[in-house]
Amino acid sequence: MRVLVVVALPQGQDVIPVEVEDGASIAAALAASGVARRHPGVALDRVGIWGRRREPDFVLRDGDRVEVYRPVRADAKAMRRARAGLRTSTRSRSGP
């Protein structure tokens, strides 16, 4: 069966088509693609299929897109709070 292994990189993505046997896992597809050799600094512990996180032993189906995700550098909620800051209200509290 044919699957795609996609690695998220800061400058874009690397798409690697791979042929694996039926019943292969995500780990088998990653090994067959040679991602570790092509991108030695990429951690293979955050992976998923079509945008959903999955474990490396998850069984693939024909046409799946195996995605290797980069680590999150900042918490989205914390970033929004920092941008918003603590602003004082311009509305009066004692009347209209």
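Annotation note: of ASP75, ASP57, ASP45, ASP64, the sole residue that is crowded, with 17+ Cβ neighbours inside 10 Å and not hydrophobic (A, V, I, L, M, F, W, C) is ASP64. The residue that is surrounded by the most Cβ atoms within 10 Å (Cβ to Cβ), counting only those in the stretch 8-42 that are of a type outside the set (Gly, Ala, Ser) and in contact (Cβ under 8 Å) with a residue 60 or more places away in the chain, is LEU9. Among the residues of the stretch 3-28, those identified as within 18 Å of ARG54 (Cβ to Cβ) and more than 15 Å from the chain's Cα centre (by Cα) are VAL3, ILE16, VAL18, VAL20, ASP22, GLY23, ALA24, SER25, ALA27, ALA28.
No value in this document is a laboratory result; all are computed from the given coordinates. Every value quoted in this text rests on a predicted model; they were computed, and no experiment measured them. For neighbour counting, all protein chains shown are included, and Cβ atoms are generated from backbone atoms with ideal geometry for every residue, glycine included.
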